[in-house]
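Colleague: This is the structure I have questions about; it appears just below.
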Amino acid sequence: MPKVSFVCPVYDGDTYLAETIESLRNQTLKEIEIIVIDDCSPDFTPDLMDWYRKTDERIRYHRFEQNQGVCKARNFGNEMAKAEIICVTDQDDLSMPERALISYKYLTNRPEIDCITSSYLECNVY
C-alpha cells in the first residue's frame, strides 16, 4: 500500500514527462504510486506510459478518450489514489528526492493539517 500518491495530469506533455516521472521514481520513500492521467494527448504520451508501466509497478495510467481539462484530469487521479497523502505534480515538474518522505512525515505527525505547499523554482522564464 502506498504512503504517498503523486497525481500528474498530462496533455501534450511528452517533452518533459519522462523527466517528471524519473524525479518521482527516484524518491527516497519507495512506498509511492505515480498516477498519470492523460487528457487525450495528441503526442507520444500513450507510448511513453506503456513503456513506464512495464518498468515500474508503482505507475498507474489512465487515458481520457476526449479532452476534459486539467481540473477533471487531476480530480480523476485524486479519486484513483490509494494513499491518504496526495502530492500534486504537473507534467513538467521535477520533484526533489525527499519530497514524498518529508510530506509523509510532516502530515502524519500533524493530523490537524490538511494541506501543505512549498517553495518552487521556475526555470526558463523569459
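Colleague: Only Cα pairs within less than 10 Å get springs; with that Gaussian network setup on the chain, which residue of C40, C87, C71 has the largest fluctuation?
Modeller: C71
Colleague: Working from Cα positions, state the angle (0 to 90°, nearest 10) between the long axis of helix 45-55 and the longest principal axis of the chain.
Modeller: Taking Cα atoms only, the helix is inclined about 50 degrees.
Colleague: Turning to a different aspect of this structure: Could you estimate the translational diffusion coefficient of the stretch 4-109 from the Stokes-Einstein equation, with Rh from the Kirkwood formula over C-alpha pairs, at 4 °C and 1.567 mPa s, in whole µm²/s?
Modeller: For the chosen part, D equals 95 µm²/s.
Colleague: Let me ask something else. Can you tally the net charge around L94? Count Lys and Arg as +1, Asp and Glu as -1, for every other residue whose Cβ sits under 9 Å from the Cβ of L94.
Modeller: Spelling it out: positives minus negatives among the neighbours equals -4.
Colleague: How high is the relative contact order of the chain, given as a whole-number percent (alpha carbon pairs under 8 Å, six or more residues apart)?
Modeller: Taking the mean separation of contacting Cα pairs over the length of the chain, I get 38 percent.
Colleague: Grab the other residues whose beta carbon is less than 11 angstrom from that of K82, score K and R as +1, D and E as -1, and report the net.
Modeller: -1
Colleague: Exactly which GluC sites (Glu not before Pro) in the stretch 79-108 are in a DSSP loop and have at most 15 other Cβ atoms within 10 Å?
Modeller: Answer in residue order: E84, E98.
Colleague: How far apart, in nm, are the 7 Å Cα→Cβ label points at D47 and D93?
Modeller: Placing both labels 7 Å beyond Cα along the Cβ direction yields 2.8 nm.
Colleague: Once both axes come from the Cα atoms, what is the angle between helix 14-25 and the longest principal axis of the chain, in degrees from 0 to 90, rounded to 10?
Modeller: Here the helix axis deviates by roughly 30 degrees.
Colleague: Continuing with this model, one more query. Kindly express, to the nearest 10 degrees and within the range 0 to 90, the angle between helix 99-109's C-alpha long axis and the longest C-alpha principal axis of the chain.
Modeller: 40
Just so you know, all these numbers are worked out from the coordinates, no wet-lab data involved. The structure displayed is predicted, hence computed values, not measured ones. Don't worry about glycine lacking a Cβ; one is built from the backbone with ideal geometry, like all the others, and counts go over all protein chains shown.
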